[in-house]
Structure formats: structure tokens, C-alpha cells
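One structure is given below, encoded as C-alpha cells.
We did not get these values from a lab; they are worked out from the coordinates using the rules stated. Computed from a predicted model, the values in this text were never measured in an experiment. For neighbour counting, all protein chains shown are included, and Cβ atoms are generated from backbone atoms with ideal geometry for every residue, glycine included.
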Amino acid sequence: MSQFIQSAFFTVLGGFIAGGVGLCLANHRRVLDAKDAFGVFIRGKIGGLPKREVGDFYKSTKPAIRAEVHQFWHFLNREQRTRLDRLWKEYDEIQAHELDPQNEATMGEAMRSFSKLAGIEFQSPYEVVRFYLDEFYKFSA
């Protein structure tokens, strides 16, 4: 009888161990799937980012990006959530003058040259939005 109890004990113990490992792997897969989906979404936005009329792109895609960020937030640990919250806040508060169409194309290059002479860093609207999209994308890695 004791051998039966011992065998049952090891069977139950093995089941608990296998179940625990299965749950951990399932959770890991769930997080990886969320990161993949977020990465694909952000890459799609990067691919659609125009060189001109970036302000219009920003305004039209901001609601969808907000929704994806808030959905993806759930899958991150506390530190990553804090970083994503900070990044989203900065992206959400990009000033209109940073996306001014006058700073695009030829005029943007003239502003870059002028800013360089003045010792000021200049970023075109494209570069501003691209920077944030690249930073969002890093969360999917």
C-alpha cells in the first residue's frame, strides 16, 4: 500500500509541476504575442509616416496609437509601464510648432542650417514623430 501512496504522490506532484510550467509558458507566450502585435502596429505607422504633412498624420493616427498603447500597457511590468506612460505623455503633448508644415522639405533644411549656425538642435516634423514611433517600437523587442 505504501508503494501505491508513493506512486500517487509523485504522480500528483508531477502534475502540479507540469501544470505550473505550462501556466508560465502560456503567460510568456501571451506577453510575446502582445509585443509582436504592438510591434507590427507601430511598424505599420512608421511605414505610413509621410515626409510632408506630418501634423495631419500625427492628428489622424494619435487616437489609434493611444488605444494600442493602453491595450499593450496591460502586458508590461511596472517599470515598463512607467516608461510607456511617460513616452505616451510626451507624444500626446507634442507642440503644434514642432509639427509646423513650414519646417518640412526645403524650408526645414534651411531651418536646420540656421539652427546649426545658432547652436540650436533642429528636428523636422518627420524626425520628431519618427523618434517617438521608434521609441514605442522598442517596447516590442
Expressed in nm to one decimal, what extension gain is obtained for the pair residue 71 and residue 135 from 0.36 nm per residue of sequence separation less their Cα-Cα distance? 21.3 nm
For the residue 60, residue 31 Cβ pair and Förster radius 35 Å, calculated FRET efficiency rounded to 0.05 is 0.75
R0 of 22 Å, Cβ-Cβ distance residue 100-residue 127: FRET efficiency to nearest 0.05: 0.95
Note the full-extension length gain between residue 17 and residue 79 as 0.36 nm times their separation in residues minus their Cα-Cα distance, in nm to one decimal. 19.4 nm
